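Contents: one structure, followed by commentary.
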Amino acid sequence: MKLTITKQFQAFIKEQNLSLEHILKQAMIPNLLWKEELVVDEQQYYRLLRVFDECISDEQLLALSEIENINMFMPPIYAALSAKNGMEALERFITFKKLIGPITIEMEEVGNNVQIRFSFLSSNQELPRFSLLNEQLLVVSLLRRGSGKEIRPISISGPFEYGETLTHYLKCVPEKSQGNILIFKQEDLDIPFYTQNNSMWEFMEPELKNRLATFSPSPSFLETIQNELFQSIPSGHFSLSNIAQKVGVSNRTLQRNLQAVNTTFHQQVQQTQMILSLNFLQNQNLTTTEIAYLVGFSEVSSFSRAFKKWTTKNITQYRKEVNKSKDNSPN
């Protein structure tokens, strides 16, 4: 999956006093901002989310979640605003979401309520705080903007602290939970949208459906290798030969195909180990020894050296920062 970061969105990031150049460097993504559009793959996008998690304040998070700020350069959102009500808006947003990010949205009607859950396209990767809260806030903003009413969730939860600023905006006390959920009353989603625009929707619908039809759900070779590594590293069977056998190619063909996209098998293993490490370190029930084993290291000392090389932080320092972030999220 390839995702485009437009010049308009890049400019908006700059307006929030965020340095995209620094963010790209921290996410280990080549600085190609001189091009008309910056195109990243699924794993690069995930690393961007991780970096945003570390450098963004809740005020900036709110600005990035405000529909008014971003709908003009994100067509799926504009299409949702053109809907007749909140329910139709969410259905459109869920349908076309994949065009602007690898986030999966599940919506379910339960009694008189509607429940919404978010997950990353790859089930092996947990959504960072920035990403989950951005998605939840964006849905709330969409419903408020379209209806002109201060719609509030009847329940919202996630594995992170929300902080005073976000709680005040939501007008609802978030709960901390292992998963995530966003619940609205069905009657709130039936409120007519004053932003409804049938003419605009008739104009946009064919193009969005065309883009969706040509959007390739088939992963690239690189994405296939990355997905296999996420599955295989925790099991300990992730040698070049193991992965080549799983994707049905020779060792040499695997290496040649990765070289064609300017990477190597060793680099992909390290990147995957780093992402898995960051995910596992969010879980305070796992010891460092257990995490080292799960990401493919037989010795904790080797894992510690690798982690320091990847992040410039030692494991103890990183865990303290994670705990501080969860307990005292920025306001």
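The values are calculated or read from the model by the stated rules, or taken from the named source; none is laboratory data. All values reported here derive from a predicted model rather than from experimental measurement. In this analysis, Cβ positions are derived from the backbone assuming ideal geometry, glycine residues included, and neighbour counts consider all displayed protein chains. Ligands, DNA and RNA are stripped out before the accessible areas are found, and what is left, the full protein with its side chains, is counted by its heavy atoms. Shrake-Rupley method; radii C 1.70, N 1.55, O 1.52, S 1.80 Å.
The set of residues from segment 37-65 being open to solvent by less than 50 Å² (accessible area, probe 1.4 Å) and either in contact with a Gly (Cβ under 7 Å, 6 or more places away or on another chain) or farther than 24 Å from Leu170 by Cα (or both) comprises Leu38, Val40, Asp41, Glu42, Gln43, Gln44, Tyr45, Tyr46, Arg47, Leu48, Val51, Asp58. Of the residues examined, Gln273 is not one that is open to solvent by less than 60 Å² (accessible area, probe 1.4 Å), in contact (Cβ under 8 Å) with a residue 40 or more places away in the chain, closer than 22 Å to Leu127 by Cβ and outside any helix (DSSP H, G or I). So in segment 66-97, with the set limited to residues that are at pLDDT 90 or above and of a type in the set (Gly, Ala, Ser), which one is surrounded by the most Cβ atoms within 10 Å (Cβ to Cβ)? So the residue we want is Ala80.
For the residues Asn285, Asn279, the requirement of being open to solvent by less than 40 Å² (accessible area, probe 1.4 Å) and out of contact with any helix residue (DSSP H, G or I) (no Cβ under 9 Å at 6 or more places or on another chain) singles out Asn279. Contact map, segment 39-54: residues that are touching a residue at least 60 places away in the same chain (Cβ under 8 Å) paired with residues that are among the aliphatic types (A, V, I, L, M) and open to solvent by less than 10 Å² (accessible area, probe 1.4 Å), Cβ distance under 6 Å, separation 6+ or inter-chain. Pairs shown: Arg47/Ala27.
Just give me the residues in segment 309-331 being open to solvent by 90 Å² or more (accessible area, probe 1.4 Å) and either modelled with pLDDT of 90 or more or not in a helix (DSSP H, G or I) (or both), in sequence order. Those that are open to solvent by 90 Å² or more (accessible area, probe 1.4 Å) and either modelled with pLDDT of 90 or more or not in a helix (DSSP H, G or I) (or both): Thr312, Asn328.
Scan segment 194-245 for residues that are open to solvent by 50 Å² or more (accessible area, probe 1.4 Å), among the hydrophobic types (A, V, I, L, M, F, W, C), within 21 Å of Ala260 (Cα to Cα) and more than 28 Å from the chain's Cα centre (by Cα) and the total you get is 0. For Leu132, the conditions (1) out of contact with any Gly (no Cβ under 7 Å at 6 or more places or on another chain); (2) open to solvent by less than 10 Å² (accessible area, probe 1.4 Å) all hold with the exception of (1).
The residues listed here are Lys176, Lys171; of these, the one that is surrounded by fewer than 18 Cβ atoms within 10 Å (Cβ to Cβ), without any contact (Cβ under 8 Å) to a residue 24 or more places away in the chain and under 24 Å from Gln284 (Cβ atoms) is Lys176. Pairing residues of segment 118-139 that are closer than 13 Å to Pro102 by Cβ with residues that are modelled with pLDDT of 90 or more and in a helix (DSSP H, G or I), at Cβ distances under 7 Å and at least 6 apart in sequence or on separate chains, gives Phe118/Leu132; Phe118/Glu135.
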